[in-house]
Amino acid sequence: MEMLVASGIGVLTAGGMYLVLRLRAFPVVLGLAMLSYAVNVFLFSSGRLATGMPPVLNKYAELDYADPLPQALVLTAIVISFGMTAVLVMIALGSYLESTDDSVNVTPADADGGAAASGEDRDGEDAR
Amino acid sequence: MNHWIVVPVLLPALVAPLLAWVMRFDITLARVTSMAGTVAVLAVTLGLFVLSLDGEVRVYRLGDWEPPFGIVLVLDQLSAMLLLLTAILGFLVLLHVIATGWDARGRHFHALFQFQLMGIFGAFLTGDAFNLFVFFEVLLIASYGLMLHGGGAMRLKAGLQYVIMNLAGSTLFLFALGTIYATTGTLNLADMALKVREIPLEEAALVRVAAMLLMIVFAVKAALFPVQFWLVGTYSNAPAPVAALFAIMTKVGAYSILRVYTITFGPDVEATGTMPGDWLFWGALVTTAIGGVGVLGARGLMPLLSFAVIGSMGTLLLAISAMTPAAAVAAMYYLLHSTFAAAALFLLADLVVTRRGSDTLDARGITAQNGLFAALFFAAAIGMAGMPPLSGFLGKLLVLDTIRTLDHWSWGWTAILVGSLLTIVGFARAGSALFWKPTALPPGEPDPARKRVLIVDDDTDTASTTREVAIGRAGPMALAPAMGAVAMLALLAVFAHPVSIFLEGVADQLFEPAGYLALIPAPATGAGG
């Protein structure tokens, strides 16, 4: 099980890293989502991997128990990364609509000054 | 427990939703409420600051859970000082924003501003690593909104990069926290400090990895080389008053490094030893150099100031990297100074850039109050570059004096001194292009810059009335915050002796953390009162 979880985290992280380093906003958003999945599984496993154990201390017998704290941490991390991804998608969309391409880098058209450049680009798009 | 400790977090958290949902259509009411909230929080932080002067470390147990299990807020002198600094800066920035009408150029400025304050206060107060992550996210998500305030293609694109960078940083933060929890079994900073000192050296590899991962996360926040690239694009495309508020955000990173690598992973921990400081030193060295070269090469006022901020962070982190009490005093003095210096310059840049219509460093038509702006810029630039008589000189002198304990101190001296020289040359060039050359242009010629402002504003500015106000002479309300920030530099210089005596007490709490460690983990029940 350890091998499976570890390689799962590794593959997710590697895929996420690759996508984050892409030039366009959409793959980058997907990459950050994959990274957040990877880190969620990683946090989950930081309380050691166990199956079939009670989630809290059992006061009637000396039993092993699953650590409940990582589960709370994962829940917080999921909520935050979910909200952050939504914000990121909105900003990426706004940036795409303002500048007519979804590249993450600042393009010469952006640098010329927002309103004028995007106006020209939109005219060009209409002509096509 | 003293319940006033939680007020700096709670008050903005209560004011912000009110502003967002109840007062969204009434800008006057929103301004009054936001200002009242900020002044109230300023009073509370002042009270907490006075309270902390007795040297006791106060703990606030949220939900009254015992410390290693529950989340705690900790008020020691360092956090009290930074709370007060944030509140003063927030007050100045808010005054500027209201006087110049920036808050009417988009929606929800005041609500985002209050959430931003809440996140920063929380990050300074918390004594729990995961809670630190949560407050980082609070301040970041508010900063995304503030950075995009007013809109525009360039600002959105720069904002996208800023968000991506910080999301990657947050992911790294979670990896670091997971590793720390897996090795020490705790996330409370003080409890962690006790646990990592018990880990034998041969099992310390994972702790070392976690400590350095955390260092990278804080380095992203503090704009340390090689993860400083986000700062220039963000600060120079953000609204200038927001950039002034962001002057404290890089300090959150510096504070976290100072806190975590003295109390938790201090130089006396076998597992990590002097490694964090050693790496920090070389990173800070290059950061200082990048700042100096960037100031010299910048072609716009806002990028120039952004590189000056990077340079000042480099100097600050060089002092922190020495990891001695004396160097920490120098670092904290320089932290106070550089926050106000950066804020003064960005607030002034807003006034100047709005009137010129462009932030490129070239000679344009002379603006209203040219002499006054020139004098203020001169004073703030002297402070930022580190020339006498303002506090920058004393701060850099302290840093130079205290990093002599390092092995490679000559490198640090070279970086700081050459960086300062480049900064002086860069600021002199910028000042003469902005304020001096225009006086030589023939008066009364048509001014292309003004027209461009009108066109751009029609596209992006929702409240067209603010434009008319902004182009004319700056009123006393608009000038007061920038002047106030410069006055703080002068006060820091005049009261350098009492301030440094106070900072020595702060450094003692950091490097002899008996008070911090004793109050948090449970053994003494009922601790903290």
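The values are calculated or read from the model by the stated rules, or taken from the named source; none is laboratory data. Note that this is a predicted model, so its numbers are computed, not measured. Here the Cβ is made from the backbone with ideal geometry for all residues, glycine too, and neighbour counts use every protein chain on show.
Please determine whether any residue of segment B:104-120 is under 22 Å from A:ALA77 (Cβ atoms), in contact with a strand residue (DSSP E or B) (Cβ under 6 Å, 6 or more places away or on another chain) and in contact (Cβ under 8 Å) with a residue 24 or more places away in the chain.
no
Okay, residues lined up against (1) among the small types (Gly, Ala, Ser); (2) touching a Phe, Trp or Tyr at 6+ places or on another chain (Cβ under 8 Å); (3) under 21 Å from B:VAL329 (Cβ atoms); (4) at pLDDT 90 or above:
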site: B:SER34; (1), (2), (3), (4): yes, yes, no, yes
site: B:THR38; (1), (2), (3), (4): no, yes, no, yes
site: B:ASP54; (1), (2), (3), (4): no, no, yes, no
site: B:GLN77; (1), (2), (3), (4): no, yes, yes, yes
site: B:LEU82; (1), (2), (3), (4): no, yes, yes, yes
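So is B:VAL15 of a type in the set (A, V, I, L, M, F, W, C), under 27 Å from B:ASP508 (Cβ atoms) and surrounded by 15 or more Cβ atoms within 10 Å (Cβ to Cβ) or not?
no
Which one is nearest to the other protein chains (Cβ to nearest Cβ) among residues in segment B:143-178 that are out of contact with any His (no Cβ under 9 Å at 6 or more places or on another chain) and part of a loop (DSSP other than H, G, I, E, B)?
B:GLY152
Could you list, ordered by first residue, the pairs with Cβ atoms under 7 Å in which the first is in segment B:35-58 and more than 23 Å from B:PHE109 (Cβ to Cβ) and the second is of a type in the set (Phe, Trp, Tyr) and part of a helix (DSSP H, G or I), at least 6 apart or interchain?
Close Cβ pairs (under 7 Å, with a partner that is of a type in the set (Phe, Trp, Tyr) and part of a helix (DSSP H, G or I)) amount to B:GLY47/B:TRP4; B:LEU48/B:TRP4; B:VAL57/B:TYR516.
Working only within segment A:67-85, note down all residues that are closer than 26 Å to B:LEU160 by Cα, crowded, with 16+ Cβ neighbours inside 10 Å and of a type outside the set (A, V, I, L, M, F, W, C).
A:THR76, A:SER81, A:THR85
Keeping to segment B:179-200, report how many residues are within 9 Å of chain A (Cβ to nearest Cβ) and among the acidic types (Asp, Glu).
0
With surrounded by 21 or more Cβ atoms within 10 Å (Cβ to Cβ) and more than 18 Å from B:HIS408 (Cα to Cα) as the only criterion, which of B:GLY292, B:GLY300 stands out?
B:GLY292
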